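Read the structure below first, then the notes.
The values are calculated or read from the model by the stated rules, or taken from the named source; none is laboratory data. What you are looking at is a predicted structure, and each value in this text was computed from that prediction instead of being measured. For neighbour counting, all protein chains shown are included, and Cβ atoms are generated from backbone atoms with ideal geometry for every residue, glycine included. Accessible surface areas use protein heavy atoms only, side chains included; no ligands, DNA or RNA. Shrake-Rupley method; radii C 1.70, N 1.55, O 1.52, S 1.80 Å.
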Amino acid sequence: MRKITLIGVHCSATMEGKPFDLAAITAMHKARGFSDIGYHFLIGLKGERWIGRPLEKVGAHIQGHNAYSIGICYIGGIGADGKAKDTRNPEQKAELRKLLAELRPQFPGAKIRGHRDMSPDLNGDGIIQPREWLKMCPCFDVVEWCRSVGIDPK
Ligand SMILES: [Zn+2]
């Protein structure tokens, strides 16, 4: 197994309530030239958990951080107005929490972060501020949410 120091959380940047499955997201990624889906796990609208790329394999989800990370993506992230939004429903939140609770002891040294938290720290103050986010993904504060559901994000 690769050394894992980061668990990155994403949204699929698809419209709220619109269902996409593993095959659909895999097809989108292949169309972008990836060899397979870029994420290791995908969480559907009904809280389904799909296994994407095998964990042993490097994914394609956070530029510059793929070698040592695991990528998890929930379906959604765009509100009806076309803007970034935390669209996770209760089933998706429950499954994401369950998955992270399983991964936490398997990869005790890994930080759990949102994609946007891995944006470059432009002013070098050690904090990735909203204006420094390259993307909104996953449209919620992963560190804060993890703490609120009893998972240590590190
Ligand atoms: Zn992302």
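The table for this structure:
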item	result
For the range 47-55, 3J(HN,Hα) per residue [Karplus equation, 6.51 cos²θ - 1.76 cosθ + 1.60, θ = phi - 60°, Hz, x = Gly/Pro]	x, 5, 10, 10, 8, x, 5, x, 4
Per-pair calculated FRET efficiency, R0 = 41 Å: residue 125 and residue 46 via Cβ, rounded to 0.05	0.50
Square roots of 5 times each gyration tensor eigenvalue, C-alpha, the chain, largest first, Å	21, 19, 17
Sequence ranges 2-15, 89-102, ranked by mean other-Cβ count within 10 angstrom, highest first	2-15, 89-102
Within the accessible area of the chain (1.4 Å probe), percent carbon and sulfur	56
Built amide H within the under 5 Å cut-off of residue 111, gap 5+	6, 7
Per residue accessible area in Å² of the range 6-148, where ligands, DNA and RNA are left out and the probe is 1.4 Å	50
Mean Cβ neighbour count within 10 Å, used as a protection proxy, ranking 23-36, 47-60 highest first	47-60, 23-36
For the range 46-82 and the range 15-29, distance of Cα centres in Å	12
Shape of the range 78-154, Cα gyration tensor, a/c cut at 1.5	oblate
Spin-label pair residue 1/residue 89, simplified geometry with 7 Å Cα→Cβ offset, distance in nm	3.2
Listed residue pairs exceeding 20 Å between alpha carbons, taken from 46/83; 30/57; 18/111; 3/46; 46/111; 85/135	46/83; 18/111; 3/46; 46/111
